[in-house]
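All remarks here apply to the structure that follows.
The values are calculated or read from the model by the stated rules, or taken from the named source; none is laboratory data. Worth saying up front: this structure is predicted, and the values here are computed from it rather than measured. Ideal geometry is used to build each Cβ from the backbone, glycine not excepted, and the neighbour counts take in all protein chains shown.
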Amino acid sequence: MKKIIFSILALLIIFLFCGCSEEAKVEEEINPDEFSYDMLELSVVADEIYNNLEISELTEKSVIKAEDKIFLEERFYLDLKNVISYDIRYAEGNYGAADVAIIRVKEGKAAEVINSLENRKDDRINEFRSYDVYDSYNIAMEAEIYDEGELVIMLMLSEEDKAKAKEIIDYYIP
């Protein structure tokens, strides 16, 4: 009899913990009705993307967060007057391509920012044309630049990594 009672208690405890973890997951999900771009932390999204990439250790170590305004204007062709916030990272060319730009743009400025990133993409294609390490030339050629809501996004990643990155982005932007 004691074994039966003990077994029932053990099962109840297991069910309670399973139920709690499901409730916690629901609370963590982003509610589309409560979503605001003001609450979106672009660096958190970018961190999660880079934490899930399947890139070489050398490429990973060469990733730089672009923060210098002059560099962004000269190398990414960005007019920062069109930008609200951003997280832009790129790999040094010697170790492959793993570039991600997540840019929150001002209303009506998405096309200009997309054009700027297309110019950056062209530069990277030309860079990797003569030095194609880790298939960087094809990665640059197949880079995707698109707008989603108030964001302009560039994913210069392998096809598999682009798919992962899009899932992460879709999670944060319901």
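Does segment 134-149 include one or more residues that are of a type in the set (Phe, Trp, Tyr) and over 25 Å from residue 36 (Cβ atoms)? Yes.
For the structure I just gave you, tell me whether residue 159 is farther than 19 Å from residue 42 by Cα and surrounded by fewer than 19 Cβ atoms within 10 Å (Cβ to Cβ). Against the criterion (farther than 19 Å from residue 42 by Cα and surrounded by fewer than 19 Cβ atoms within 10 Å (Cβ to Cβ)), residue 159 qualifies. Applying the criterion of being in contact (Cβ under 8 Å) with a residue 12 or more places away in the chain and of a type in the set (Gly, Ala, Ser) to the residues of segment 102-134, the residue that is surrounded by the fewest Cβ atoms within 10 Å (Cβ to Cβ) is 110. Looking at segment 42-112, the helices (runs of 4 or more DSSP H) lying wholly inside it that each contain 1 or more residues that are within 17 Å of the chain's Cα centre (by Cα) sit at 42-51, 57-61.
Restricting 137, 131 to residues that are over 23 Å from residue 45 (Cα atoms), part of a loop (DSSP other than H, G, I, E, B) and more than 12 Å from the chain's Cα centre (by Cα) narrows the list to 131. Every test in (1) surrounded by fewer than 18 Cβ atoms within 10 Å (Cβ to Cβ); (2) modelled with pLDDT of 95 or more is passed by residue 148 save one, and that test is (2).
Any chance you could count how many residues in segment 91-128 are over 24 Å from residue 42 (Cα atoms) and not polar (S, T, N, Q)? Qualifying residue count for the region: 6.
Condition check for residue 174 on (1) surrounded by fewer than 18 Cβ atoms within 10 Å (Cβ to Cβ); (2) out of contact with any Pro (no Cβ under 7 Å at 6 or more places or on another chain): one failure, at (2). When you check residue 95 against the structure, is it hydroxyl-bearing (Ser, Thr, Tyr) and buried (at least 18 other Cβ atoms within 10 Å of the Cβ), yes or no? Judged against the criteria, residue 95 is a match.
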